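**Student:** Just passing along the structure, written as structure tokens.
All of the numbers you see were taken from the coordinates with simple rules; none came from a lab. Here the structure is a predicted model, which is why all the values come from computation and not from measurement. Reconstructed Cβ throughout: ideal geometry from the backbone, glycine too, with neighbour counts over all protein chains shown.
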């Protein structure tokens, strides 16, 4: 299986919406309220994202010409208000279709995303992950990310979910 990564285009919108929704429904089962996950739909996600898709920093992973993964990277978002240094990068999101997880797609997409951040000279690279999402935490740790001790609460569908920030020196 050969994974190829590239910047997202407008033609990728429906596939990215499917990746995002199906990944959320699989990865966050038992973490995010189930009613919220059940209400997600790729069509609604595509409609929501259509006016601003793709944004700079959005990338896809393909296998056999089919989009199976999506990542969003760029400068660390100022809304966090806690950058450890100027010029930090951020992996804002990375998702892979559930049936493609564990096959190297996420690893290839993350390597590609980190390369994009290096090209922009954004370092260190930070990301947030739900504390209860043990598989994602293991994935990031295998890629060289480490928790840096910063936490905050993420509110979704009436639930307060703790997140931990991870750091990669690049």
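**Student:** On the first, second and third principal axes, largest extent first, how far apart are the outermost C-alpha atoms of region 3-168 in Å?
**Tutor:** 38, 37, 32
**Student:** Using only alpha carbon pairs under 8 Å that are at least six residues apart, calculate the relative contact order of region 87-170 and give it in whole percent.
**Tutor:** Taking the mean separation of contacting Cα pairs over the length of region 87-170, I get 32 percent.
**Student:** In addition: Kirkwood Rh, Cα Rg: Rg to Rh for region 38-91?
**Tutor:** Over the Cα atoms of region 38-91, Rg/Rh equals 1.07.
**Student:** Report the extension gain between residue 107 and residue 26 in nm, rounded to one decimal, defined as 0.36 nm multiplied by the number of residues separating them, less their alpha carbon distance.
**Tutor:** My answer for the length gained is 27.3 nm.
**Student:** Moving on to the next point. Per the Debye formula with a single identical scatterer at each Cα and no solvent contribution, what log10 I(q)/I(0) holds for region 122-170 at q = 0.23, 0.27 Å⁻¹?
**Tutor:** Here the Debye-derived log intensity ratios amount to -0.80, -0.99.
**Student:** If you take the beta carbon distance between residue 39 and residue 14 as r and set R0 to 22 Å, what does 1/(1 + (r/R0)^6) give as a FRET efficiency, to the nearest 0.05?
**Tutor:** E(calc), rounded to 0.05, equals 0.70.
**Student:** Can you give the alpha-carbon Rg of region 76-127 over 2.2 N^0.38 Å, where N counts its residues?
**Tutor:** Output field value: 1.29.
**Student:** If we count other beta carbons within 10 Å of each Cβ, what is the order of 31, 94, fewest first?
**Tutor:** By the 10 Å Cβ count, ascending, the order reads 31, 94.
**Student:** Of all DSSP beta bridges in the chain, what percent run antiparallel (nearest 5)?
**Tutor:** 90
**Student:** What list do you get for 146, 167 if you sort them by fewest beta carbons within 10 Å?
**Tutor:** Placing the least packed residue first, the sequence is 146, 167.
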